[in-house]
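A.B. asks: Would you mind keeping the following structure in view while I ask a few things?
All of the numbers you see were taken from the coordinates with simple rules; none came from a lab. Keep in mind it's a predicted model, so treat the numbers as computed, not measured. Don't worry about glycine lacking a Cβ; one is built from the backbone with ideal geometry, like all the others, and counts go over all protein chains shown.
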Amino acid sequence: MKIMVSACLAGENCKYNGGNNRNEKVLQLIAGNEVITVCPEQLGGLPTPRVPSEICNGVVTAKDGRIVDREFRLGAVRCLEIAEREQPDLIILQSRSPSCGVRQRYDGTFSGTLVNGSGVTAQLLMEHGFKVMDVEDIT
Ligand code: SF4
C-alpha cells in the first residue's frame, strides 16, 4: 500500500515550533508500506520555525497578523500535485492544523477554540477524491 502522511507525524521537525508530532501508531501503520511524507506549510515556502497560523474568516493568518493564505494554499496545491502523481491509497494527516486538520481546526481567534472543518490541504485533497484520515481516527 502507498501511504501519504503529514511529515511531522513521521517525526520530521517541520512543526511551526521546530518540533514534530511523531506518532508511534502512525509509524506502526506505515511500516512496510511505501511512504510519502509531506509538510504543506514547508512546501508553500514557509520557514521552520514559523509563527503559528489559523484560518480567520476563511483567510489563513499568522498570529502576528501577517496574511499567509497564499503560502498555505500554494502548499496545498503542491501536496495535491504530489498526491495526483503518486496516487496514494491512504493519506493520514495531523489533527487540528490549519493545513492538515481533517475534522476540526482552530477558529481563528488564537484562543484554543476548535470548530468543525478542515485545514486547507486536507480540504483540497478530499475535494479531489483522496481517502484522507485524521491521525486521531487511527485506533
Ligand atoms: S503543515 Fe501539516 S505536516 Fe507540516 S507541521 Fe503542520 S501539521 Fe505537520
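A.B. asks: Can you list the aspartates and glutamates whose alpha carbon is less than 13 Å from that of Lys15, not counting same-chain residues fewer than 8 positions off?
C.D. replies: Glu41
A.B. asks: Also, quick follow-up: 7 Å from Cα along Cα→Cβ at both Asp89 and Glu34: what's the point-to-point distance in nm?
C.D. replies: About 1.1 nm, to one decimal.
A.B. asks: Shifting gears a bit: Where in segment 98-139 is the amide nitrogen less than 15 Å from a point lying 7 Å along the Cα-to-Cβ axis of Glu24?
C.D. replies: 139
A.B. asks: For Asn23, what residues show an amide H to amide H distance below 5 Å, using hydrogens built from the backbone and excluding near sequence neighbours?
C.D. replies: For Asn23, whose amide H was placed from the backbone, the distant partners under 5 Å are Gly11.
A.B. asks: State, as an integer percentage, the relative contact order of segment 2-137 based on alpha-carbon contacts under 8 Å between residues 6 or more apart. Working shown, then result.
C.D. replies: Details: 295 pairs, mean separation 31.3, N = 136.
Computed over segment 2-137, the figure is 23 percent.
A.B. asks: Per the Debye formula with a single identical scatterer at each Cα and no solvent contribution, what log10 I(q)/I(0) holds for segment 65-124 at q = 0.20 Å⁻¹?
C.D. replies: Summing over Cα pairs of segment 65-124 leads to -0.77.
A.B. asks: Over the residues of segment 31-139, compute the C-alpha Rg and express it relative to 2.2 N^0.38 Å. If you can, show how the numbers build up before the last one.
C.D. replies: Values: Rg = 13.5 Å, N = 109, 2.2 N^0.38 = 13.1 Å.
Relative to the 2.2 N^0.38 Å estimate, segment 31-139 comes out at 1.03.
A.B. asks: Read phi for every residue in segment 108-119 and hand back ³J(HN,Hα) as whole Hz from Karplus 6.51 cos²θ - 1.76 cosθ + 1.60, θ = phi - 60°, with x for Gly and Pro.
C.D. replies: Result, ordered by residue: x, 9, 6, 10, x, 8, 9, 10, 6, x, 10, x Hz.
A.B. asks: How far is helix 69-86 tilted, in degrees, relative to the longest principal axis of the Cα atoms in the chain, given as a value from 0 to 90 rounded to the nearest 10?
C.D. replies: That works out to roughly 10 degrees.
A.B. asks: Still on this structure, please answer the following. How big is segment 9-68 by Rg and Dmax over its Cα atoms, in Å?
C.D. replies: In order Rg, Dmax, the Cα atoms of segment 9-68 give 13.9, 43 Å.
A.B. asks: Follow-up question, since we're still on this one. Starting at the first residue of segment 15-30, write each ³J(HN,Hα) from the Karplus equation 6.51 cos²θ - 1.76 cosθ + 1.60 with θ = phi - 60°, in whole Hz, x for Gly and Pro.
C.D. replies: 5, 3, 8, x, x, 9, 10, 2, 10, 5, 4, 5, 4, 5, 5, 8
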